[in-house]
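All remarks here apply to the structure that follows.
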Amino acid sequence: MTEVSTHRAPLECEAAIVGGGPAGLMAAQRLAQAGVRVHLFDAMPSVGRKFLLAGKGGLNLTHSEPADAFAARFGARRAQIEPMLADFGADQVKDWAARLGVETFVGTSGRVFPVGMKAAPLLRAWLAQLRGLGVQFHTRHRWQGWDEQGALRFATPTGEVLVQARALVLALGGASWPQLGSDGAWAPWLEARGVAIAPLQPANCGFDVLNLASGSAETRRSFLRELVGLEQAPARGWTPHFRERFAGQPLKSVGLSFTGSHGQAFARRGEFVVTETGIEGSLVYAASQWLRDEIAATGHATLYLDLLPEHDAARVEAEVRHPRGARSLSSHLKSRLGLDGVKMGLLHEVLGREGVHDPVALAAAIKALPLTLAAPRPVAEAISTAGGVAFEALDPKGMLSAIPGVFCAGEMLDWEAPTGGYLLTACLASGARVADGVQQFLTEPAQG
C-alpha cells in the first residue's frame, strides 16, 4: 500500500492528517464523506499497525455497559471525553463496524467484539472505503515538525517532503509500542510553539516489585551514597529462585486491593501474570493508574493479594491449623486449600522460610499478601499512554489555541482509560470530533 511521494515543491492539500491509527482514520473518513480532500501521512509502511496488534488476541471494539458507567472510566478527564462519547459512543462504534460488513457480539464480560474476533478484516474494509472516498495515503512519511515557512516536514526514503495544508489533524499516538509508530517525538515540537504538554507516562502497564531479599542491612556502598546525599536505589525484581521457577505463570482467581496515601481505593478480582521483574496483566492494568501515581508520590506502592478469595479468613486459618501429621506444609496446603504452584511460591517469596511456618502469619498472608512495587515498567512497554496535549490547550472542537488550524486527536491527548474497549472508542470519538472542527474551520474564511 506504499505510495511514496516524489514532491519537492510543497504538496498543497486541503486537509492533512498525520497518523494512521483509529483516530486519524476516523477523522479521514468523516472529512472525506463531507467532501474534503484528505491526505493521510504515516511513518510506518502501512497504517493501523497498533490496531492490528490490539486485535491479536481478539479485537475488543467497545463495551456494552450503560453510558454513565462508560464515561466514568475516564476518571479526571470524564468532563472532556463524555461530550465526544455522546456523539460517537459504543452504539455508534457497533453501527460503524456493521456498515463495514463486520457484525459484533457482546461477550460475557460485557465487552463488544467482532464476530470473527479479528482486526484485519475490519481494517481492510475500512481502508477500502477510505480509498473509495478519495483519501490519499502517504506511508513511510515520518513527520519532523514545521519548516520556517510553516510547511510540514516529512522524512521519507527518497528525501524530505514538504506539505502545505489549510488544516492539519495530528493523531500521532502516545509513546507506547514505539516500534509501531507512536514514539512521542512530537512533544517538543508542539511545546516549542506554546502548546501545554503533560509528561507522557505508562498507562495499563506492568510493574517491577521491590526485591524483599535485598534486605535492609547497610553496605559500604549504601553508606557512602547516603554520606554524599544520594538516595539508595531500591533493588527491583524477584529472587533468582522465584524468577526461574515462576516467571511467565498466571495467578488466576485472586483479589487485588490497594489504598493510596490520599485515600484512593481499588479492589477487584481477576488474574495477572508474574514477569521476570514483577507483575502485569488485566487485573494489574486495571489498578495501574493509582499504583503508578502512588509510586510517583511516595516512591513505592503496596498492594494486597487475596490468594483464595472464595474462602473467608476463618476457613483459611482453620485449614492452615489443621493437623498435618507427617505431610509437608506444601502437601497440606494443597490438599486442604488447593494452594500450590505460583501462589505457594509467592508466599515463600514474601514471608520467607520462617514466616510460612507461622500459622497465624501464613493464614493472614493467604488472605492479604503484601506486595510492594518499586516502579512501573517503561512507557514503551505499556499498552497505552497517559499524559500528552492538555485539553486546556484545545478549543471545544479539538483545535490548538496556540496554532490555529491544527487539531489533535487520539491517544496523544492527556487522558487515560482502562482496557475493555474504552481506549479504542475514545480514539474513534476524538477523530470524529476533530473532523467536525476541521470542516467548521475550512468553511469560516475569517478564522481560516
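Mind ranking Asp358, Asp208 by accessible surface for me, highest first, 1.4 Å probe? Could the numbers behind the result be given before it?
Values: Asp358 65, Asp208 10 Å².
Sorted descending by solvent-accessible area, the residues read Asp358, Asp208.
Given a 1.4 Å probe and the protein chains as shown, Ser335 ends up with an accessible area of around 70 Å². Comparing Cα centroids, the range 176-213 and the range 18-94 end up 20 angstrom apart.
Across every direction, the projection of the convex hull enclosing the Cα atoms of the range 55-141 has a mean area of 7.5 nm².
Summed over all non-identical Cα pairs, the Kirkwood treatment of the range 129-177 gives a radius of 12.6 Å. Among the lysines of the chain, pairs that are 8 or more positions apart or on different chains and have alpha carbons within less than 22 Å of each other number 12. Annotation: amide H-H contacts under 5 Å for His63 (H modelled 1.01 Å from N, sequence separation of 5 or more, or interchain): Val112. For the chain, averaging the sequence separation of C-alpha pairs within contact (under 8 Å, six or more residues apart) and dividing by the residue count gives a relative contact order of 23 percent.
Evaluated with a Cβ-only charge set (Lys, Arg +1; Asp, Glu -1), the chain carries a dipole of roughly 1140 debye about its Cα centre, given to the nearest 20.
Residues in the range 39-167 average 47 Å² of solvent-accessible surface per residue, probe 1.4 Å, ligands and nucleic acids excluded.
Rolling a 1.4 angstrom probe over the protein heavy atoms, how many square angstrom per residue are accessible across the range 333-448? Intermediate values should be presented prior to the final figure.
Values: 3940 Å² over 116 residues.
In whole numbers, the range 333-448 has 34 Å² accessible per residue.
Using only Cα atoms and rounding to the nearest 10 degrees, what angle (0 to 90) does helix 341-356 make with the longest principal axis of the chain? Helix 341-356 sits at roughly 50 degrees to that axis.
Rounded to the nearest whole Å², what accessible area per residue is found for the range 172-213 with the 1.4 Å probe?
Per residue, the range 172-213 has 39 Å² of solvent-accessible surface.
With the full set of protein chains in place, find how many percent of the accessible area of the chain is carbon and sulfur; take the probe as 1.4 Å.
Working: 10500 of 20200 Å².
Carbon with sulfur: 52 percent of the solvent-accessible area.
Accessible-area rank, largest first, for Asp87, Asp306: Asp87, Asp306, with all protein chains present and a 1.4 angstrom probe.
Per-residue ellipticity at 222 nm for the chain, helices alone: DSSP H runs ≥ 4 residues times -39500 (n - 2.57), over residue total, nearest 500 deg cm²/dmol? Walk me through the numbers before you get to the answer.
On the way: 15 runs with 158 residues, N = 448.
Dividing the helical sum by the residues of the chain leaves -10500 deg cm²/dmol.
Working from the Cα coordinates of the range 374-448, the gyration tensor eigenvalues give, after taking √(5λ), semi-axes of 29, 14, 8 Å in decreasing order. For Arg166, the accessible area of its heavy atoms, probed at 1.4 Å with every protein chain present, is near 130 square angstrom.
Set the Förster radius R0 to 60 Å, insert the Cβ-Cβ distance between Ser261 and Arg131 as r into 1/(1 + (r/R0)^6), and round the FRET efficiency to 0.05. Let's see the in-between values first.
Details: r = 53 Å, r/R0 = 0.88.
FRET efficiency, Ser261 to Arg131: 0.70.
Computed over the range 318-448, the quotient of the alpha carbon radius of gyration and 2.2 N^0.38 Å is 1.94.
Rg over Rh for the chain works out to 1.05, using Cα positions for both radii and the Kirkwood form for Rh.
Determine the order of Trp126, Trp290 by accessible area, beginning with the largest, at a probe radius of 1.4 Å. Numbers along the way, then the final one.
Details: Trp126 0, Trp290 90 Å².
The residues order as Trp290, Trp126, largest area first.
The values are calculated or read from the model by the stated rules, or taken from the named source; none is laboratory data. Here the structure is a predicted model, which is why all the values come from computation and not from measurement. Glycine also receives a Cβ, built like all others from the backbone with ideal geometry; neighbour counts cover every protein chain displayed. Surface areas here come from the heavy atoms of the whole protein model, side chains and all, with no ligands, DNA or RNA. Shrake-Rupley method; radii C 1.70, N 1.55, O 1.52, S 1.80 Å.
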